[in-house]
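So the structure is just underneath, and the comments pick up after that.
Here, each number is a calculation from the coordinates, and none is a lab measurement. Note that the structure is predicted; figures quoted are calculated from it, not measured.
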Amino acid sequence: MSQNLAFAQLLDMGIPAGRARVALIRTKGDVMSAAERVFGGEFDWIASDDEGSKEEARSELVIAGLETKSKRSSGDQEDSSFSITDEDQDVINGLDYDELPEETVLSDPYAGIFFSKDRIEKIIEIAEEDEWLDISPFPRLSTKAAQGENMRVRVMSMGDWMKGCPEGNEQSLLFQLYNYFGTPVECSSGCGHQYERKHQTFFLIFNISKKKRVVNSKKGKRRGKHESILEEEALLHCPNIQGVLIGVGLEMVERAFIHGKEMSSTCSKSPLSKRRRTAVSKSKKPSIQNPELSGASGSKDDVDLSDLKSAANHAVQKVVGYFKGTGYDGQANEDRSGQVAAEQAQSAADVTTAQLLAQVCVYLPSLNRASGTRMSDHLVHPTALAHLRRRSGFMNELLRNDSLSDMSMRGGLYHILFDWLEVLSAHEALAGMLAMPQMRPAKSEIVTDGILQGNNQVFVTYEGTSSLRELLENCSIQAQAALRGLQATATNDKSVMMREDRELGKRRSPRRLKEDDKDEKVQLDSFCKRIISTVQRIDHSLIDIKGIAFVERMRNSLPSLFTAGMKLGDRERGDGNEEALIKLYEEWARKSRFRYCDMSTPSKEKHDVAGYMHAFSSSLQNIANMDAPKRSLAIAKELAVLTTSLPAAWHSTIFLRVDENRVDCLKAMIIGPEGTPYENGCFIFDLFLPLEYNQKSPLIRSMTTNGGLFRYNPNLYKDGKVCLSLLGTWSGPGWISGHSTLLQVFISIQSMVFCEEPYLNEPGWESYSGVRSKAYSANIRRMTITDAMANNIRAPPECFEDEVKTHFQLKAKDIRKQLDKWQKLDDGCANFGEDYDSGLNGTVAAKVESGKTPFELAADVLRTLLAMVETEAH
């Protein structure tokens, strides 16, 4: 932003020229700070343009030391422009701005403001009652019939207009603009006539395309002979109108988004009893009202969407009177009417939100406007910046979506969102806010005491959250994983039709089926590339505005995956307090949870198909060089989701490895959840995605069995069989084509199989939570120590060598405490791993010569191995 443009923007706000000059010098060219300080009264000592002569104003500047006599002698040519002395220029180019060029400093309105995700602010806001109006959608038509039926719409109150976590003097600027559009204005032709301005005209929560007709007529009359500068298709009069349209428009988008989320949540609520004792009533297709026209309001608090990972937060939660993991028999068919209704509601809401977002996007400052740039494109109004920063919660929530599959299904909305982000990133005054941590409302409470009681005052607590750029990084990681999955399957030239496709082929040709599948792959490929290009554009703009050093620091703090050969450094393993250790472990787990590796084994003959270090090696060999388009698409979407959605927490983590050449070959390691007999054990599973995937479930085999001797659970057999209705190995709701996912399988094992009382996993045994269950859990604890811990330290499983070592190195101290706790719960028996009911009626094992029980012997071995692992770390 040039000096003259900055000066012109202050003049456009009604700031006298003398005060504007001084304010820009004092704030080193920062327009927003200059406006705040002027409106705050800091420069009232300088006479305004109508309070004294130009010479008097200049004398004030000389006295203040802000203008030289040589400048005064230059005459009146400087009245319409702004200039800075060499000394002033040196100050602006100082080290306070990280030695960035002048143009860069002046272009970032938030250059001097500190933002942090750890920040918490408590703000007092006004909760005003809504004002409603009955208005005609076509007020300019001559007859009442042509004007149409009146609509009831809401007027945006000052409280809603000013809500949000303020920076600097933003509140005063918002207050002034709101009042500005509620006061009369004189005719620009100088006839003395005054035109009345009302808040009801400018702050209606009303469709912009309709508001345009209302404001155009009023604004055009007010501007008199300058009416020709108005556009037919957009309200681009001046920065003031820009601030109003963006603020009101974002309020409309937010309400539409919240309303749609509430509708979707309401439709999805249906009984999910595993026993299926009651029928689920079918929901009718929801009708989505347009919140801009109906005035439907959403909740003030922005609540995060729940996802599958919440099920794994703690494995000891109880539900419906029984422990988590209690087994039930049930029907194979599941009533999905609630989910279908929710999807329909979400789709309808997305259309509304996307339309509004596209309409508001027109009024964003843009230096690439097709019809030519306007003053408001160069001189962004401070209130527009404030609203863009405060009212982007819906963007934050959309980018928090952990499912690339869901994002691509809602592609219409997300493409508009990416358009929006690219417009922001292309403008020097807006791009910086994409890297700012956002302040979002966490809770609100009515003031019940003190002088503010009874004045509609509300305490709102704002907490720092991730920036839009940080959230985009997760999307980018998923997009890159999906592209890699698509490329891995695209090398196979031979395409195999599934049985379902053959049946459909009776009505549709195989060529058409193949083309449809190809189109879906092309769409996903295009969607992923769009995400990556959006990230690249934002980073390019941030480099121009903030500098390379800033962008490098930002990238180092963003989520990432470990690359091959990347390990936790010795310095990072340092002995810190428990909180620091947990933070370190979870950061390492997030980066290590997903990785590609080579699982192939060398073939004996040159033309032999390669084998794999995998339980399903023969199945992988049988379908080598074969592919089904729908399967490729499903795998690509699944891998994208798994890169960022696998649980990574101190109390339990899921690690996944994918063969670098065969994305249908996977291995998983699930860390036993805290509070269970499996706690901190490493349990390995091999997975194979058959040719019919996702029409059919994956094949999975448990590999942690102590060589086929240990049965860890009623649903985990010693031969490796995993018994889950989701996998079709048990009666009950099974795999749903196109909807069930690998993540569901992993979460089911982590939170439902690895539970506090695994004895109750067997249907019909839920009432035996006493002695028999305790004995069974004690036996599992001994097996976990012997096999899932000690054996894995001695011989780490393929593809997880580094993860096993690091896990036990970081958790060694915690595991020692765990052993002491488990020893008090042990019954003194030996390991019984052959059968499900073995050992429940057994006697206490005889102590060996050392006088120790089997548990104590196994615990001693593990303690020795932990000490060895810790020594290796240092």
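Among the listed pairs K583/K630; K163/K637; K163/K529; K529/K721; K546/K583, give every one whose C-alpha distance is greater than 31 Å.
Pairs exceeding the cut-off: K583/K630; K163/K637; K163/K529; K529/K721.
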I need the phi-derived Karplus couplings for the stretch 616-625: 6.51 cos²θ - 1.76 cosθ + 1.60, θ = phi - 60°, integer Hz, Gly and Pro marked x. 10, 4, 5, 5, 5, 5, 5, 10, 4, 6
Counting only residues 5 or more places away or on other chains, whose amide H sits under 5 Å from the amide H of A442 once H atoms are built in the peptide plane? T461, Y462, E463
Which whole-Hz couplings ³J(HN,Hα) result when phi for each residue of the stretch 413-425 is put into the Karplus expression 6.51 cos²θ - 1.76 cosθ + 1.60, θ = phi - 60°, listed in order with x for Gly and Pro? 5, 6, 5, 5, 4, 5, 4, 4, 5, 5, 5, 4, 5
Would you please give the residues with an amide H less than 5 Å from that of S467, counting only those at least 5 places away or on a separate chain, with H modeled from the backbone geometry? Q438
Non-local residues with an amide H under 5 Å from the amide H of L724, with H modelled 1.01 Å from N and Pro and chain starts lacking one, are T729, W730
In the structure displayed, which of K774/K852; K117/K805; K591/K852 lie more than 29 Å apart, Cα to Cα? K117/K805; K591/K852
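I need the shape label for the stretch 593-663. Rule: rounded when a/c is under 1.5, else prolate if a/b > b/c, else oblate, with a, b, c from the alpha carbon gyration tensor.
Working: a/c = 3.11, a/b = 1.63, b/c = 1.91.
Oblate shape, in that a/c is at least 1.5 and b/c is the bigger or equal ratio.
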For the stretch 723-728, take each phi angle, set θ = phi - 60°, evaluate the Karplus expression 6.51 cos²θ - 1.76 cosθ + 1.60, and give the result in whole Hz per residue in order, putting x for glycine and proline. 9, 9, 4, 4, 9, x
